[in-house]
Amino acid sequence: MNNSELCAKELQYEMNLYGKRGIALERGEKEFVWDIEGKRYIDCNTGVGVAIMGHAHPAVVSAIQKQASALMTCQSPFANTERARLLERLSMLFGTPSKVFLCNSGTESIEAALKLARKKTGRKAFTAAMNAFHGRSSGALSVTFKEKYRAPFEPLLGPVVRTRFNDIESLKTTVTSETAALILEPIQGEGGIRPATQEYMKAARDICTDKGALLICDEVQTGSGRTGKFFAYEHFGIRPDIVCLAKGLGGGVPIGATIASDEVAAFTPLEHGSTFGGNPLAAAAANAVLDTIEKDKLLAKVAADGTYMMDKLRTTLSSKSQFREVRGMGFMIAVELKIMAREPLAALLQKGVLALPAGEQVVRLLPPYIISRGSLDSVASTISEVIQ
Ligand SMILES: Cc1ncc(COP(=O)(O)O)c(C=O)c1O
């Protein structure tokens, strides 16, 4: 089958949720993927920031192969070496005595955080930012901003109060003594790659503490090193009460994690759980990812190469009339245009670069941490070719 035949087959049998971009991906290596017709692409889409080690990274592949032939499932009442190691590492990364809940996706990590906040505070209300995206299961959807995603499924969890992102005055009136938790992405991802300001995250921390509300950082997209620090909140000199991870943590194997400080981790047995959460296969993949980040000093690489790429894009694109600005942190990069991003994204794909939108006018780049400078240069010059 060729690209269009495979897309047509999926469209015939898959629920009508995604649409197709016209190619079928068959294999990957490092920062490259190949479609079924043998064409090569530089992958700055990475399954929306999942393939942080690139594709077929030997350390991740070998950890998965080894664990698959040893033990793939091990429900949490039974301990397991890989899971124990991952739990300890995530707790240590959080940097204060803490407990971890392992699950399988971003939305599940948010569900756990919201339930935990209600359990711990005995309050019902949540405050969430305008333009936030937190997932599509009912709890996570309740705090997601887009009316279009929520409306068909109301009533959802409530009350949810919307606060203007990066507006401290708005926080002062929307986080109250009724609020169980304020949930924030340190950099809004789906909302267009919009970083919080230093003052805003600090104020969010202080106001939550003052009102007895919990601060949840949704680091599903920003976490696991994407911004050049393991957690993006570290850039702001604060620590939330709960942090949510998923996407890149398993290097491609589905995994999510909710980490909460000891005082906040108030679940009692069977109040929450997951059949697949913490399975040894995903835990082994995540351990290989964390080992590789440490061994190859990838956080420093992401920080340096992110700055390099953003500078390069600014220089290359500054004279183009369709270009508005470049912003981001580390390898979470937005090229905002004055036109809709759909056509430039299609043109990039034609020229062998996979990127994705974030809102209507943003070309979003989420490269794998292992990408070479040569490939970054090539992505920058291809973007320059497709933008007038
Ligand atoms: C910030 C953020 N939170 C939550 C989610 C939901 O994650 P998942 O698609 O794994 O459920 C996403 C997915 O894009 C996200 O970007």
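The values are calculated or read from the model by the stated rules, or taken from the named source; none is laboratory data. Given the structure is predicted, the values throughout are model-derived calculations rather than measurements. Note that each Cβ is placed from the backbone with ideal geometry, even for glycine, and that neighbours are counted across all protein chains shown. Side chains are part of the model used for accessible areas, which takes the heavy atoms of the whole protein and leaves out ligands, DNA and RNA. Shrake-Rupley method; radii C 1.70, N 1.55, O 1.52, S 1.80 Å.
Within segment 224-268, the residues that satisfy the criterion of being among the small types (G, A, S), in a loop (DSSP other than H, G, I, E, B) and within 16 Å of the ligand (Cβ to nearest atom) are S224, G225, A246, G251, G252. The conditions of being β-branched (V, I, T) and within 16 Å of the ligand (Cβ to nearest atom) are not met by T96.
Looking at the structure I just gave you, is I23 at pLDDT 95 or above, under 24 Å from the mean Cα position of the chain (by Cα) and farther than 22 Å from S224 by Cβ? In short, yes. Selection of helices (runs of 4 or more DSSP H) fully inside segment 145-222 by the criterion of at least 1 residues being within 18 Å of A358 (Cα to Cα) and either touching a helix residue (DSSP H, G or I) at 6+ places or on another chain (Cβ under 9 Å) or within 16 Å of the ligand (Cβ to nearest atom) (or both) returns 147-150.
A single entry from P344, P280, P357 fulfils the requirement of being touching a Leu at 6+ places or on another chain (Cβ under 9 Å) and over 20 Å from T382 (Cα atoms): P280. When you scan segment 308-330, do you find a residue that is touching an Asp or Glu at 6+ places or on another chain (Cβ under 7 Å), closer than 26 Å to H134 by Cα and within 16 Å of the ligand (Cβ to nearest atom), even just one? The answer is no; no qualifying residue exists.
Per-residue answers, yes or no, for (1) open to solvent by 90 Å² or more (accessible area, probe 1.4 Å); (2) under 21 Å from L298 (Cα atoms):
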residue: E14; (1), (2): no, no
residue: R21; (1), (2): yes, no
residue: G28; (1), (2): no, yes
residue: C44; (1), (2): no, yes
residue: G49; (1), (2): no, yes
residue: K66; (1), (2): yes, no
residue: A70; (1), (2): no, no
residue: F78; (1), (2): yes, no
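If you filter segment 347-380 down to residues that are free of Cβ contacts under 8 Å to residues at least 60 places away in the same chain and surrounded by 22 or more Cβ atoms within 10 Å (Cβ to Cβ), you find that the one that is farthest from I52 (Cα to Cα) is L348. Looking at T292, T275, T307, which one is open to solvent by 50 Å² or more (accessible area, probe 1.4 Å) and closer than 24 Å to P368 by Cβ? Going through T292, T275, T307 in turn, just one is open to solvent by 50 Å² or more (accessible area, probe 1.4 Å) and closer than 24 Å to P368 by Cβ: T307.
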